[in-house]
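One structure is given here, and the rest of the page talks about it.
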Amino acid sequence: MALRHKMWPSSREEARSTVVYRHADSSVEAIEAEPGTNLMRVAVQSGVRGITGECGGQAMCATCHVHVREGYLDQLGPIDEDEEEMLDCTVAPRLERSRLGCQVVVGSGLPEIQADVPQTQL
């Protein structure tokens with residue numbers, strides 16, 4: 001299993017959260033991110049393959065679809081109406097663990113989150 005670890009620039013290193021993206025080929029990308037940043041933005045700015053975020057985080061395209069790993073779902077807020085609608089439009093199968101990365105924010109209450117990246121977004 002390949003692990004790629006990146007650090008996102010920060011002036012407050014102690015407040016960072018870790019985002020772990022797992023790919024179908026068993027590779028893993030772990031990225032440290034500023035609290036308040038969403039999974040889509042972390043992925044796009046860090047070059048995580050498979051997440052394009054074409055709409056820029058407006059919950060309008062579903063190209064940041066992820067499957068949040070068990071154990072983290074109960075720490076997330078509920079899916080709102082816009083996210084629910086976009087999750088019905090994903091190319092990869094929608095699972096109970098499906099979320100739009102642009103709607104999942106890392107923060108002090110969520111020091112780590114792990115998500116599987118679907119094989120296809122477009």
State all residues of region 57-96 that are loosely packed, with under 14 Cβ neighbours inside 10 Å, in a loop (DSSP other than H, G, I, E, B) and among the charged types (D, E, K, R); if no residue qualifies, say none. 70, 80, 88, 96
Please work out if residue 31 is in contact with a helix residue (DSSP H, G or I) (Cβ under 9 Å, 6 or more places away or on another chain) and farther than 12 Å from residue 112 by Cα. no
Considering only region 14-35, I want to know if a residue exists there that is at negative phi, out of contact with any strand residue (DSSP E or B) (no Cβ under 6 Å at 6 or more places or on another chain) and outside any loop (DSSP other than H, G, I, E, B). yes
Filter region 36-48 down to the residues that are modelled with pLDDT of 95 or more and in a loop (DSSP other than H, G, I, E, B), then identify the one that is nearest to residue 111 (Cα to Cα). 48
State the number of residues belonging to region 45-56 that are surrounded by fewer than 19 Cβ atoms within 10 Å (Cβ to Cβ) and over 17 Å from residue 17 (Cα atoms). 6
What are the residues in region 44-64 that are farther than 23 Å from residue 32 by Cβ and touching a helix residue (DSSP H, G or I) at 6+ places or on another chain (Cβ under 9 Å), if any? 55, 58, 59, 60, 61, 62, 63
Could you list, in sequence order, all residues of region 17-34 that are surrounded by fewer than 19 Cβ atoms within 10 Å (Cβ to Cβ) and either polar (S, T, N, Q) or at pLDDT below 90 (or both)? 18, 26, 27
Scan (1) farther than 17 Å from residue 29 by Cβ; (2) part of a loop (DSSP other than H, G, I, E, B) for the single condition residue 118 breaks and write down its number. (1)
Going by what's in this entry, would residue 27 be described as polar (S, T, N, Q) and touching a Lys or Arg at 6+ places or on another chain (Cβ under 6 Å)? no
Is it the case that some residue within region 103-115 is without any contact (Cβ under 8 Å) to a residue 40 or more places away in the chain and under 15 Å from the mean Cα position of the chain (by Cα)? no
Qualifying positions in region 97-113 - within 18 Å of residue 34 (Cβ to Cβ) and part of a strand (DSSP E or B): 105, 107, 110, 112, 113
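The values are calculated or read from the model by the stated rules, or taken from the named source; none is laboratory data. Computed from a predicted structure; not experimentally measured. Cβ sites come from the backbone with ideal geometry, for glycine too, and all protein chains shown count toward neighbours.
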